[in-house]
Amino acid sequence: MERQATARTVVVVEDEEPIAAAVAARLRSEGFAVEVAGDGPAALDLCRRVRPDLVVLDLVLPGLDGLEVCRRLRADPAGGDVPVLMLTARDDETDLLVGLGVGADDYLTKPFSPRELVARIRALLRRADRAPTVAPALVVGGVELDPAARRVRRDGAEVHLTATEFDLLHVLAARPDVVHTREELLRKVWGQTGGYVARTVDSHVRALRRKLGADLIRTVHGVGYAAGRPS
Ligand code: CA
């Protein structure tokens, strides 16, 4: 069992008290410091106050829904890059949210196992911790990706990507000659495979194409995805 020397703080935003309590108890037993908010405005206040390492955010909330909470978190210059794991009720809802560019880093559909939730949280925290390495910028299809600064430019203009979108593009752009299967991408970008829906990859590819151009990533039918135009 992986333990952090200093407890990482997770804010859980969920109005259904039994779910919030169960999630909080499980996370505390895993060594996390947990704060709970029951609605959107309380969540924003709490995040401003405690500056969490990660936010578990239910989509359906009274006051402000999870979508709006996520947008406002992202707009905060001080804490805009906090990893957000959004809880949804259905897989197609996740598709829709990724398509809207809501900016959550990962999505988990209810009902979920506590083990899966913890695994996802750990994977997101590992990615957030990953020290920037000095690496040359990658150029693919007019898009320039700077791995050290985690910045992406299209025709010279900076484009904002979520952490997950950036990592996915990075994996593809690093080996433009290679076709990656969805399973491989799930492993490399999301850090695991168990319980994951391959459609998560498709949703993020769509988001990247929308932000950076349809040509950026090609679909290799029956296999997976690769960077660049169809040959
Ligand atoms: Ca709810």
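Evaluate the following for Val34: is it more than 12 Å from the ligand (Cβ to nearest atom), part of a strand (DSSP E or B) and at negative phi?
yes
Looking for whichever is touching a Ser or Thr at 6+ places or on another chain (Cβ under 6 Å), assigned by TED's automatic domain parsing to the domain that holds Pro111 and within 13 Å of the ligand (Cβ to nearest atom) here; the options are Leu59, Leu64. Which one fits?
Working: Leu64 fails: touching a Ser or Thr at 6+ places or on another chain (Cβ under 6 Å).
Being touching a Ser or Thr at 6+ places or on another chain (Cβ under 6 Å), assigned by TED's automatic domain parsing to the domain that holds Pro111 and within 13 Å of the ligand (Cβ to nearest atom) holds for just one of Leu59, Leu64, which is Leu59.
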The lone condition Gly63 fails out of (1) in contact with an Asp or Glu (Cβ under 8 Å, 6 or more places away or on another chain); (2) assigned to a helix (DSSP H, G or I); (3) of a type in the set (Gly, Ala, Ser) is (2)
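Can we say Val179 is of a type outside the set (Phe, Trp, Tyr), in contact (Cβ under 8 Å) with a residue 24 or more places away in the chain and surrounded by fewer than 14 Cβ atoms within 10 Å (Cβ to Cβ)?
Values: of a type outside the set (Phe, Trp, Tyr): yes; in contact (Cβ under 8 Å) with a residue 24 or more places away in the chain: yes; surrounded by fewer than 14 Cβ atoms within 10 Å (Cβ to Cβ): no.
For Val179, the condition - of a type outside the set (Phe, Trp, Tyr), in contact (Cβ under 8 Å) with a residue 24 or more places away in the chain and surrounded by fewer than 14 Cβ atoms within 10 Å (Cβ to Cβ) - is not met.
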By residue number, the members of segment 67-90 that are free of Cβ contacts under 8 Å to residues at least 24 places away in the same chain and either away from the ligand (no atom under 16 Å from the Cβ) or at positive phi (or both) are Ala75, Pro77, Gly80
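Would you confirm, using the coordinates I've provided, whether Asp106 is closer than 28 Å to Ala33 by Cα and at pLDDT 80 or above?
On the way: closer than 28 Å to Ala33 by Cα: yes; at pLDDT 80 or above: yes.
For Asp106, the condition - closer than 28 Å to Ala33 by Cα and at pLDDT 80 or above - is met.
Within segment 1-31, which residues are small (Gly, Ala, Ser) and away from the ligand (no atom under 15 Å from the Cβ)? Let's see the steps before the verdict.
Looking only at segment 1-31, we keep the residues that are small (Gly, Ala, Ser), and these are 5, 7, 20-22, 24-25, 29, 31.
If the condition is that a residue be small (Gly, Ala, Ser) and away from the ligand (no atom under 15 Å from the Cβ), then Ala5, Ala7, Ala25, Ser29, Gly31 are the ones that fit.
The values are calculated or read from the model by the stated rules, or taken from the named source; none is laboratory data. Here the structure is a predicted model, which is why all the values come from computation and not from measurement. In this analysis, Cβ positions are derived from the backbone assuming ideal geometry, glycine residues included, and neighbour counts consider all displayed protein chains.
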